[in-house]
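Below is one structure, written out as structure tokens; comments come after it.
Bear in mind these aren't lab numbers, they're just calculated from the coordinates by the rules spelled out. Quick caveat: nothing in here was measured; it's all calculated off a predicted structure. Cβ: placed from backbone, ideal geometry, glycine included. Neighbour counts: every protein chain shown.
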């Protein structure tokens, strides 16, 4: 019997619609081959909606999304809109409302792609970052007083809870058990942040005691950033707070060749609500409308979505198809040194299916 999934599509801004279109084509084909059907529910939310309505989405947009099985997001952001408006108007409410506490971001060096780091062979960089996604530094707790005066003061508070720390750390350990190296690296700044980060360190030690078969290390963020460049192959599974995970994964995308390969999932493993899948590259207004955006990050994000929907064969087919296209090297967008268009790359992946 064919399974049907309701997928909310927020193509969003900039290159979002361009890359999302290819991700939808590939995901629909792969799901169909696996005996499933994806029903797309497309919503015109983002900065264009903001210009017309003064907000990024309708007041009831979270209730609308709750009826879907997953969310596929293209990108949000516009040069005329401050980033905190786009984040707090759409992305962060979705992550919090549906308790998508795992932000999963893989970085893999594909055959046929050159790392900017000299001498790194294909497959040598293969790391999986678990970024805490609902608390930490992005909770939007704080305020400003004496606006416009010399004494103006801004207070920004990070929030760390034992529950929040332990559940993201445990998810990282569970993932490490499925990987050959079985190693988890925790990234903090507990030498300078003596409350939230020290709690994180204590939670890491507590959870690690339940996984004696997993190798562990704890690094300060400054050391971790250095090692992501110096020897990224030393990492396997990485777990970090909201801010540190965000910074490290952008760096992780670059060391494996391009932001155009950076996929991600905002995941609630309990499946009580929909999880959201998106490329990391943003709206890229400098190349919007040129038809040269790399759709592979969006396509790989769609593969993560199918994996979450328990369509593992379809997800594997997409990942193998992307690897085959990159390995052969004939079809690739300018960010990877080629001349192909967005649609040509999407079509190449489709042919592999």
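Measuring nothing but how far apart in sequence close Cα pairs (under 8 Å, 6+ apart) lie, relative to its length, the chain scores a relative contact order of 24 percent. Gain on full extension, evaluated as 0.36 nm per residue between residue 177 and residue 163 minus their Cα-Cα distance, stands at 2.9 nm.
Here the spin labels are modelled as points 7 Å beyond Cα on the Cα-Cβ line, and at residue 62 and residue 195 they lie 2.5 nm apart.
Under the Kirkwood approximation applied to all pairs of distinct alpha-carbon atoms, what is the hydrodynamic radius of region 126-255 in Å?
Values: mean 1/r = 0.0646 Å⁻¹.
Result for region 126-255 stands at 15.5 Å.
When the chain is fully extended, how far beyond the present Cα-Cα distance does residue 2 get from residue 206, taking 0.36 nm per residue of separation?
Numbers: separation 204, 0.36 × 204 = 73.44 nm, distance 4.38 nm.
This chain segment gains 69.1 nm when fully extended.
Taking every DSSP beta bridge that has both ends in the chain, the antiparallel portion is near 40%. Quick one: check the C-alpha center-to-center distance for region 100-139 versus region 161-194, whole angstrom. Cα centres, region 100-139 to region 161-194: 15 Å.
Spread over its residues, the convex hull of the C-alpha atoms of the chain is 149 Å³ per residue.
Once the Cα-Cα distance is subtracted from the 0.36 nm per residue extended length, the residue 250 to residue 351 segment shows a gain of 33.4 nm.
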